[in-house]
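A short write-up of the structure that comes next.
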Amino acid sequence: MNKFENVDIIDSLRRIMNVNTKHYKADFIYDVDKIQEAALSDNAENKRLLFMSRPSGTYCFREAEVFKKDSAAYNTWKFYGEQTSDKILAYAVRITGIDDGKIKGSLYELDYTAHFKHVIQTAVRSDIQTLHYKHGDIDMSAGKWFSAEPHPKYGDFLRCEVKPNSLRELKSVLEGERHSYEKLPSGDIDRHIENLNAAELKDRVSKMTEEEKQSHIDGVEISLDYGMTEALTKSDMDLYNALIKEHSEHKPSIRRQLAKSKDKSKPTKPKTPKKEDISL
């Protein structure tokens, strides 16, 4: 696990998402909104987020919400570890500022399987949730279902806030998380994403049949031959290159095969018998 400092947060997470998330990529639009809102906030706690990329979608939460038991963020974060076998790429996010229109900060790589278990053990009890309406608030038990429809007395629903039983305990937990992140060794975000992409391609290739591999190679080469490159995505080309590399490693090249055949067909010089082998 590594930390990646002074990176373009949105661009880096988008590239990570594109490696691991194959369906419902539009989820990331909502994550971008949350990241932009956090970057403009005056509250330092709002600038600490947790992000996950799943094969089918993404999530981005305020870190403080994930560490409140029975909050929507807490339940969602642990759900994919407890109830699915999805491959999850997870990162803690710290926003430090905006530079030339780009939201900058640090990403901290997380072992999702270990992290969601850690969240379950560490999250603080939060027994009350407050429903905020335009003209007033209502408290109720955390985890209890509620409607987001306008209230007849308090007007339009604004948001739900789960409150920790002990704010001091929550702050202590979050401070501990931050100390653990800073202990991570520094890494290079570009190399990290390259490694993720290589691992994903290797896994994808391993699951393909020989017919599927050849079909993909043929499809890409036909598009290239007929100049239909606009139909090829980066993912198509990455997979094509991986398949060609695998093919060349397992099967000798045409040039090598021809050279081998030539050596076999070359006439051999008859062996000269030794003097002692000649019978008189």
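The values are calculated or read from the model by the stated rules, or taken from the named source; none is laboratory data. These numbers come from a predicted model, not from an experiment. Methodologically, a virtual Cβ is constructed for each residue, glycine included, from the backbone with ideal geometry; neighbour enumeration extends over all protein chains shown. These area figures cover heavy atoms from the full protein model, side chains too; ligands, DNA and RNA do not enter into them. Shrake-Rupley method; radii C 1.70, N 1.55, O 1.52, S 1.80 Å.
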What is the mean projected area of the alpha carbon convex hull for region 70-169, to one decimal in square nanometres? 9.3 nm²
Can you give the FRET efficiency to the nearest 0.05 for Asp156 and Arg204, using r as the Cβ-Cβ distance and R₀ = 41 Å? 0.30
What is the Cα convex hull volume of region 1-128 when expressed per residue in Å³? 107 Å³
Where q = 0.13, 0.14, 0.20, 0.25 Å⁻¹, what log10 of I(q)/I(0) comes from the Debye formula for region 1-63, counting one point per Cα? -0.34, -0.40, -0.79, -1.14
Protection-proxy order for peptides 80-89, 109-118, each taking the mean of Cβ atoms within 10 Å per residue, highest first: 109-118, 80-89
Taking Cα atoms only, helix 254-265 is inclined relative to the longest principal axis of the chain by an angle, in degrees rounded to 10, of 20 degrees
Using Cα pairs closer than 8 Å and at least 6 residues apart in sequence, work out the relative contact order for region 6-156, in percent. 22 percent
Work through the residues other than Ala92 whose Cβ is under 12 Å from its Cβ and net out their charges, Lys, Arg +1 and Asp, Glu -1. +1
Could you calculate the contour length gain from Ser180 to Tyr30, that is, 0.36 nm times the residue separation minus the distance between their Cα atoms, to one decimal place in nm? 51.2 nm
Using only Cα atoms, tell me the angle between helix 189-206 and the longest principal axis of the chain; keep it within 0 to 90° and round to the nearest 10. 60 degrees
If R0 = 25 Å, then Ile193 and Thr122, at their Cβ-Cβ distance, give a FRET efficiency to the nearest 0.05 of 0.30
All-pairs Cα distance distribution in region 149-245, expressed in whole percent, bin size 10 Å: 11, 22, 16, 14, 18, 16, 3
Given the alpha-carbon gyration tensor of the chain, what are the semi-axes of its equivalent ellipsoid in whole angstrom, ordered largest first, with each equal to the square root of 5 times an eigenvalue? 58, 22, 18
At 1.4 Å probe size, with every protein chain present, just tell me what the per residue accessible area of the chain comes to in Å². 64 Å²
If each part is reduced to its alpha-carbon centroid, region 1-64 and region 175-191 end up apart, in Å, by 16 Å
Please tell me the relative contact order of the chain in percent, rounded to the nearest whole number, where contacts are Cα pairs under 8 Å and at least six residues apart. 17 percent
Cα-projected label distance for Asp236 with Asp100, points at 7 Å along beta-carbon direction, nm: 3.3 nm
Using alpha carbons only, how many degrees (0 to 90, rounded to 10) separate the axis of helix 72-82 from the longest principal axis of the chain? 30 degrees
